[in-house]
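Asks: Sharing a structure here in structure tokens format.
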Amino acid sequence: MINQKSVQLGSVRSVIRELFEYGKARKAQIGEENVFDFSLGNPSVAPPAEVENALVDILTHGDPVAVHGYTSAQGDASVRAAVADYINANFSVGIGADNIYMTCGAAASLCIILNALLNEGDEVITIAPYFPEYKVFTEHARGKLVPVQGSEGTFQPDIAAIKGAITPHTKAVLINSPNNPSGVVYTEESIKQLCKALQECKDNGQTIYLISDEPYRELVFGGVKVPYIMNYYADSIVCYSFSKSLSLPGERIGYIAVNPAMGNAGEVYAAVCGAGRALGYVCAPSLFQLIIPRVIGKTSDISVYERNRDVLSAALQSYGYEVVKPDGAFYLFVKSLEPDSDAFAERAKEHEILIVSAKSFGVEGYVRISYCVSPDMISRSLPAFKALAESYGK
Ligand code: PLP
């Protein structure tokens, strides 16, 4: 018999993918323009011009054998040095190229770091709502995901609840800010308190690693700052991805950064290299590694997301929806108009609105609206959102 867990994972689509497939079929039936598809977190704006310029230049003038060849398993040394320089210029953490491992995006970064850190039965605390793949990645790394509810309404980390969830098996806390699906950015105060709690464990002899999953770091609005965890806690690792900031999700490029201030940073980095090797995640796509030194720090035009956020959240609030304060990423987290958010998301379908029930993100009573869509679709969808609210007597 082949591995049944893998069969099951491969046979059952995620709720988001299921909805996306439904949307494709529905668009074929009634026309693309008549379906308001807010299901996926696929960037809707083009990569910045610098990406194409770098690609053209490298392909025109680079040595094709080197451009398309293997790099070192952990990534090209000059690319890793450029990533380290960028991190130091922005966050002053004294990181070096040998603390950086280039990956195929945040998903690979997470799989590698979890396999690097966890032993059989180790626990990973995360804060709900959370990206559903965390459970799949953690279990594949022999661990157990322990979701802890964020504070009701704000979805900031609930420090008392996190402390209550720590056991002798806790190996890591995994956070994601700006958050998918809530759009919430964890405040500096939240991060400080979380790190203080973890430092207390460290002082009592238990090291708990803090992993920060950061595909949305640059997607923040209104001058909101995303604290850099390495400045607050030594035993920390950043899992970064260029998928959203540069609109390159299909190209699979990101990195893991191990905090050099960690007492066993060398050992953790060796474990990252070992886990990358065992998982076959070596030598991230070479061409896209090579563009990174030329484009790091650039973003696609995120003002489009900001406008979408403003238009959609203002309109929904005026129709009577409760919206969680959306500071970043490209998701709006909205209170369901009935207690069962699955039923609410189903009812939205009757108005051709496709939104994701937050049950799959570990939270009851909310839905996620991905507003990385065309501004035109946002405008056209507003009457449907209004009619949906009216159908609940709003
Ligand atoms: N983590 C979060 C919170 C995400 O939302 C996503 C993708 O949507 C990922 C990780 C995976 O990102 P990547 O495409 O870089 O693998």
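Asks: Computing the accessible area with a 1.4 Å probe over protein heavy atoms, can you report the carbon and sulfur percentage for segment 4-84? Kindly include the intermediate steps, with their values, before the conclusion.
Replies: Details: 2620 of 4770 Å².
The C+S portion of the solvent-accessible surface of segment 4-84 is 55 percent.
Asks: Report the FRET efficiency, 1/(1 + (r/R0)^6), for Asn53 and Asn231, where r is their Cβ-Cβ distance and R0 is 35 Å, rounded to 0.05. If you can, show how the numbers build up before the last one.
Replies: On the way: r = 33 Å, r/R0 = 0.94.
It comes out at approximately 0.60.
Asks: How long are the semi-axes of the equivalent ellipsoid of the chain, taking √(5λ) for every eigenvalue λ of the Cα gyration tensor, in whole Å from largest down? List each step's numbers first, then the result.
Replies: Working: eigenvalues 227, 139, 82 Å².
After diagonalising the Cα gyration tensor, the semi-axes are 34, 26, 20 Å.
Asks: May I ask you to derive the FRET efficiency for Asp63 and Asn42 from their Cβ-Cβ distance with R0 = 41 Å, giving the value to the nearest 0.05? Intermediate results must be reported in sequence, preceding the final value.
Replies: Numbers: r = 33 Å, r/R0 = 0.81.
Computed FRET efficiency for Asp63 and Asn42 comes out at 0.75.
Asks: Let me ask something else. In nm, to one decimal, how far is the modelled label at Val311 from the one at Asn90, with both set 7 Å along Cα→Cβ?
Replies: The modelled label-to-label distance comes out at 2.8 nm.
Asks: Take the alpha-carbon centre of segment 293-309, take the same for segment 52-109, and report the distance between them in whole Å.
Replies: Answer, in whole Å: 20.
Asks: Rounded to the nearest whole Å³, what is the per residue volume of the convex hull around the Cα atoms of segment 63-202? Present the calculation step by step, with values, prior to reporting the outcome.
Replies: Details: hull volume 20.1 nm³, N = 140.
Value for segment 63-202: 144 Å³ per residue.
Asks: With both bridge residues required to lie in the chain, what share of the DSSP beta bridges run antiparallel, to the nearest 5%?
Replies: Working: 18 of 40 bridges.
Of the beta bridges lying entirely in the chain, close to 45 percent run antiparallel.
Asks: For Glu390 paired with Arg277, estimate the spin-label separation in nm (one decimal), with each label point 7 Å from Cα along the Cα-to-Cβ line.
Replies: 6.5 nm
Asks: Within the accessible area of segment 113-202, what % is carbon and sulfur when the probe is 1.4 Å and the other protein chains stay in place? Intermediate results must be reported in sequence, preceding the final value.
Replies: Numbers: 1790 of 3370 Å².
Roughly 53 percent, rounded to a whole number.
Asks: Lysines near Lys335 by alpha-carbon distance under 20 Å, same-chain residues fewer than 8 away left out - which ones?
Replies: Excluding near neighbours in sequence, the set is Lys325, Lys349, Lys359, Lys386, Lys394.
Asks: Using 1/(1 + (r/R0)^6) with R0 = 30 angstrom and r between the beta carbons of Leu287 and Lys192, what's the FRET efficiency to the nearest 0.05? Could the numbers behind the result be given before it?
Replies: Numbers: r = 40 Å, r/R0 = 1.34.
Using R0 = 30 Å, I get an efficiency of 0.15.
Asks: Rounded to the nearest 10 degrees, what's the angle between the helix 341-350 long axis and the longest principal axis of the chain, both from Cα atoms, 0 to 90?
Replies: 60 degrees
Asks: Something else about it: At 7 Å along the Cα-to-beta-carbon direction for both Ser303 and Glu352, put a label point, then send me their distance in nm to one decimal.
Replies: 3.1 nm
Asks: For the chain, with every protein chain kept in place, what is the accessible area per residue (1.4 Å probe, Å²)?
Replies: Numbers: 16330 Å² over 394 residues.
Heavy-atom SASA per residue in the chain reads 41 Å².
Asks: In terms of Cα to Cα distance under 28 Å, which lysines are near enough to Lys202, apart from those fewer than 8 places away along the same chain?
Replies: Reachable lysines: Lys135, Lys144, Lys163, Lys171, Lys192, Lys225.
Asks: May I pose another question? Dividing the alpha-carbon radius of gyration of segment 329-394 by 2.2 N^0.38 Å (N being the number of residues), what value is obtained? Kindly include the intermediate steps, with their values, before the conclusion.
Replies: Details: Rg = 11.5 Å, N = 66, 2.2 N^0.38 = 10.8 Å.
Working it through for segment 329-394, the quotient is 1.06.
Asks: Return the whole-Å distance between the Cα centroid of segment 212-274 and the Cα centroid of segment 317-382.
Replies: Value for the Cα centre distance between the two parts: 28 Å.
Asks: Pop out the carbon and sulfur fraction of the accessible area of segment 241-328 as a percent, whole number, probe 1.4 Å. Mind dumping the intermediate values first?
Replies: Working: 1720 of 3370 Å².
That share works out to 51 percent.
Asks: Please list 3J(HN,Hα) in residue order for segment 265-276, calculated via the Karplus relation 6.51 cos²θ - 1.76 cosθ + 1.60 where θ = phi - 60°; whole Hz, with x for glycine and proline.
Replies: Rounded to whole hertz, the list is 4, x, 5, 5, 5, 4, 5, 4, 4, x, 5, x.
The values are calculated or read from the model by the stated rules, or taken from the named source; none is laboratory data. Predicted, not measured: the structure shown is a model, and the values here were computed from it. Neighbour counts are summed over all protein chains in view; Cβ atoms, including those assigned to glycine, are modelled from backbone coordinates with ideal geometry. The area values use the complete protein model at the heavy-atom level, side chains included, leaving out ligands, DNA and RNA. Shrake-Rupley method; radii C 1.70, N 1.55, O 1.52, S 1.80 Å.
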